[in-house]
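Worksheet for the structure shown next.
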Amino acid sequence: MHEMSIAVAMVEQVTETPAADGCQAVSAVRLRLGELAGVVAGSLRFCFSLACAGTVLEGAELLIEHVPGRARCEPCGAEWATGMPPQLCCPQCEGGKAELVSGRELQITGLRHADGADGGGAAHHASVQVKES
Ligand SMILES: [Zn+2]
């Protein structure tokens, strides 16, 4: 399953990140997920919870920030939402030289550590790139 391998890669990337301030448990992981990344959010969420078991991420919440797919036409400069399946033909000049501006994101943008010391959740930011396999 595609989502499972992504979830496992995410957990590996996070657990390989040195914990800041000695915080170990991670309570939430923020992920930017592009509309065109080919990942089903619900499925990824489920796989993520499985992949987290037995790690510092156990019980962590996956906070998904959806990024809509957008394309831009080189010759005429038009920009539009691609939708899914993506429309890559320019609606303005009907040219076929569209370039994807966004929508392929699959990136961890932050971690929230469970911080027992002050009772609150301290936010630490880490930028981890999930490699697409
Ligand atoms: Zn165009």
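We did not get these values from a lab; they are worked out from the coordinates using the rules stated. Predicted model only: the values in this text are computed from it and were never measured. In this analysis, Cβ positions are derived from the backbone assuming ideal geometry, glycine residues included, and neighbour counts consider all displayed protein chains.
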Provide the per-residue ³J(HN,Hα) series for segment 26-37, in order, calculated from phi with Karplus coefficients 6.51, -1.76, 1.60 and θ = phi - 60°, each as a whole number of Hz, with x at glycine and proline positions. 9, 9, 7, 10, 9, 10, 8, 10, x, 4, 9, 6
So, by mean Cβ neighbours within 10 angstrom, what's the order for 76-89, 46-59 with the highest one leading? 46-59, 76-89
Apply the Karplus curve 6.51 cos²θ - 1.76 cosθ + 1.60, θ = phi - 60°, to the phi angles in segment 54-63 and return the couplings in whole Hz, x for Gly and Pro. x, 10, 5, 8, 3, x, 5, 8, 9, 9
Kindly write out, for segment 72-89 in residue order, the coupling ³J(HN,Hα) from the Karplus curve 6.51 cos²θ - 1.76 cosθ + 1.60 (θ = phi - 60°), rounded to whole Hz, with x marking Gly and Pro. 10, 8, 4, x, 10, x, 5, 10, 8, 7, 6, x, 9, x, x, 8, 10, 9
Can you give me the long-range amide H partners of Ser27? Hydrogens built in the peptide plane at 1.01 Å from N, cutoff under 5 Å, separation of 5 or more residues or another chain. Arg112, His113, Ala114
